[in-house]
1. Filtering the stretch B:311-323 down to residues that are assigned to a helix (DSSP H, G or I) and open to solvent by 10 Å² or more (accessible area, probe 1.4 Å), which residue is nearest to B:Gly222 (Cα to Cα)?
2. Evaluate the following for B:Val290: is it more than 7 Å from every other protein chain (Cβ to nearest Cβ) and within 17 Å of the chain's Cα centre (by Cα)?
3. What is the residue count in the stretch A:223-235 for residues that are closer than 21 Å to A:Ala254 by Cα and among the aliphatic types (A, V, I, L, M)?
4. Can you find, within the stretch B:202-250, the residue that is nearest to the other protein chains (Cβ to nearest Cβ) among those that are basic (Lys, Arg) and more than 20 Å from the chain's Cα centre (by Cα)?
5. Please determine whether any residue of the stretch A:138-161 is open to solvent by 10 Å² or more (accessible area, probe 1.4 Å), more than 14 Å from every other protein chain (Cβ to nearest Cβ) and in contact with an Asp or Glu (Cβ under 9 Å, 6 or more places away or on another chain).
6. Looking at B:Leu206, B:Leu220, B:Leu271, which one is touching a residue at least 40 places away in the same chain (Cβ under 8 Å) and open to solvent by less than 10 Å² (accessible area, probe 1.4 Å)?
7. So, of the residues in the stretch B:87-137 that are open to solvent by 30 Å² or more (accessible area, probe 1.4 Å) and aromatic (Phe, Trp, Tyr), which turns out to be farthest from B:Ala327 (Cα to Cα)?
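The values are calculated or read from the model by the stated rules, or taken from the named source; none is laboratory data. The structure displayed is predicted, hence computed values, not measured ones. Don't worry about glycine lacking a Cβ; one is built from the backbone with ideal geometry, like all the others, and counts go over all protein chains shown. Surface accessibility is based on the protein's heavy atoms, side chains included, excluding ligands, DNA and RNA. Shrake-Rupley method; radii C 1.70, N 1.55, O 1.52, S 1.80 Å.
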Number of protein chains: 2
Amino acid sequence: VDAHALIDVHTHVVPASFPAYLGRHFDAPWPSTVPAQACHRHVMVSGKVYRTVSHQCWDCSVRIADMESQGVGRQVLSPMPELLSTWMAPEDGLALCGYLNEVIAAMVAEAPERFIGLGAVPLQDVGLAIRELDRAVHQLGLAGVEIGSNVNGTAIGDPSLLPFFEAAADWGAAIFVHALRPSGMDRLVGPPTLEQVVAFPGEIGLAGAALITGGTLARLPGLRLALSHGGGTLGALLPRMQHAWQHLPQVREALPIEPLQGARRMYVDDLVYDGPAIRRLLDVFGDDRVMVGSDYPFSIMDRDPAGRLSDLNLDEAVLQRLRHDNAERWLFTA
Amino acid sequence: VDAHALIDVHTHVVPASFPAYLGRHFDAPWPSTVPAQACHRHVMVSGKVYRTVSHQCWDCSVRIADMESQGVGRQVLSPMPELLSTWMAPEDGLALCGYLNEVIAAMVAEAPERFIGLGAVPLQDVGLAIRELDRAVHQLGLAGVEIGSNVNGTAIGDPSLLPFFEAAADWGAAIFVHALRPSGMDRLVGPPTLEQVVAFPGEIGLAGAALITGGTLARLPGLRLALSHGGGTLGALLPRMQHAWQHLPQVREALPIEPLQGARRMYVDDLVYDGPAIRRLLDVFGDDRVMVGSDYPFSIMDRDPAGRLSDLNLDEAVLQRLRHDNAERWLFTA
């Protein structure tokens with residue numbers, strides 16, 4: 001693989017199987033898989049099918065064949081977000097995250113020139129999350145972890161989570177914030193999938209805003225953190241936040257750095273399905289902050305992330321930043 | 001006033017005083033005002049200061065002087081959104097909305113060449129809301145009404161509200177949807193004003209999305225409806241909604257028209273505080289759908305809405321649409 005080939009930072013993994021639940025909590029929503037149609041398995045949670053997924057989720061050779069056809073050189077692997085399971089008891093979350101981290105590390109070991117691994121931590125218990133982050137990065141060799149955009153409803157910009165982000169910054173672990181269990185569910189009118197389609201972008205936007213207004217990004221300039229889905233609605237919130245910071249004393253006093261400066265300390269993927277919307281990401285976050293993300297292999301995925309970028313007719317140097325350099329910097333800066 | 005002068009569609013009114021509460025509900029959050037510093041009054045709700053406002057909120061001559069200095073020809077008057085009071089008992093809501101409508105009609109009567117009135121309806125009771133809409137439009141001569149983005153947590157795209165929108169479409173009443181009591185409050189980290197700064201855009205974006213996915217806009221092509229705050233985050237949601245409509249059968253089957261087509265049946269104001277963000281509104285909604293809005297006279301207002309548009313160096317014909325024609329069409333098309 002060309003060392004400068006395209007890196008897709010937003011791809012997900014589901015293990016083919018899970019160990020039996022060995023915890024002590026009655027009715028813990030521990031996942032399992034059962035066979036479905038050829039090459040597919042149902043992910044079962046609490047006795048119901050959560051999602052039916054294909055072998056693309058766990059089979060490295062299938063993924064690599066898809067990458068070849070997509071023009072993707074490397075994939076960043078992260079768990080299917082629902083598996084982050086912050087709603088479980090902390091010790092169960094630790095057990096599940098530990099297993100996910102081993103599965104992802106094993107996939108990376110199968111094709112280290114193709115895959116970069118992001119693991120999981122039980123963020124419902126900051127101490128345990130830091131412990132598992134340590135193991136994921138220092139023992140299993142993962143580049144960092146994926147976290148949800150909230151922890152059981154608490155915004156990730158809440159000061160209670162600062163010790164976790166401090167550890168990530170200290171250890172140079174990349175953090176991928178993915179929309180999960182979004183706010184605004186009671187405002188949706190339509191099929192259940194609107195959770196992902198309509199509510200996810202607002203949820204990740206609010207997560208980014210809270211990292212700015214809560215001071216996390218101001219305190220930890222070395223934190224390397226990326227938001228899923230192009231930062232969702234954050235780009236649309238920023239001009240208003242910036243205006244409020246300039247004109248409302250109570251906002252200015254509360255925010256140690258201006259909102260736009262905070263936003264530009266983060267990375268975002270380009271999973272916005274639209275050329276002009278990607279251009280807007282470049283304007284808002286800067287062309288050193290935007291990376292390629294596809295949501296592979298789920299049904300909502302962007303099927304041609306490389307082509308979508310090529311169609312923008314960007315400067316070759318800018319294109320190379322988006323295709324490769326920004327991801328490399330986010331994941332691996334010492 | 002020049003008949004083609006700039007129309008500011010997003011300005012608010014607070015009456016200088018309210019009648020005493022005459023309802024039968026103990027502890028109803030009925031508003032009142034008490035004197036504050038010179039030219040100001042506190043709006044009191046449930047024994048607390050909700051907001052301290054100036055005579056700009058009720059004094060036509062003060063408003064007209066401000067309009068002269070801003071280059072604004074006409075203002076569309078709508079109630080301070082918190083006064084919409086959908087959380088009150090329906091008969092109390094009807095009484096308060098009726099009073100607001102009379103106050104706003106009286107302000108319009110003072111300077112009809114300067115002011116266009118939007119009233120209020122008790123949307124917590126669809127039957128009463130239709131009754132008051134009838135009175136507001138047909139007896140008081142208002143151009144339409146302002147409504148909140150949700151009714152006590154129910155999205156305004158919910159089918160239960162269709163009869164109200166049908167009446168508005170039948171009577172040619174303009175509807176201004178304003179963010180109110182937003183979702184996502186538990187995701188905010190920072191001062192209380194982040195409700196307006198960070199949560200409002202997501203709330204109005206979800207309201208617009210629900211009007212699309214719930215089918216309201218598909219069923220009522222003649223409905224003339226505008227979203228506050230540039231539609232909030234709706235522009236950021238649309239490419240993802242559009243992608244889902246193209247690729248996910250369950251979304252396509254549920255939506256009678258494609259999301260972008262639904263979006264372009266609405267109008268939006270340009271209250272996004274940023275030239276490139278206004279340009280994005282033009283791309284998303286079309287230059288026949290964007291109007292000037294300032295949030296006058298509240299502290300977060302855009303102080304120079306005319307200048308912000310001029311700075312964009314738009315084509316003169318487009319500029320005239322944004323400054324005047326689109327608002328005229330939204331408000332007054334037969």
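1. This residue is B:Arg321.
2. Here the answer is yes, as B:Val290 does meet what is asked.
3. Residues in the stretch A:223-235 being closer than 21 Å to A:Ala254 by Cα and among the aliphatic types (A, V, I, L, M): 2 in total.
4. This residue is B:Arg240.
5. Within the stretch A:138-161, one or more residues are open to solvent by 10 Å² or more (accessible area, probe 1.4 Å), more than 14 Å from every other protein chain (Cβ to nearest Cβ) and in contact with an Asp or Glu (Cβ under 9 Å, 6 or more places away or on another chain).
6. B:Leu271
7. B:Trp87
Residues checked against (1) modelled with pLDDT under 95; (2) open to solvent by 40 Å² or more (accessible area, probe 1.4 Å):
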residue: B:Asp27; (1), (2): yes, yes
residue: B:Ser32; (1), (2): no, yes
residue: B:Ser61; (1), (2): no, yes
residue: B:Glu82; (1), (2): no, no
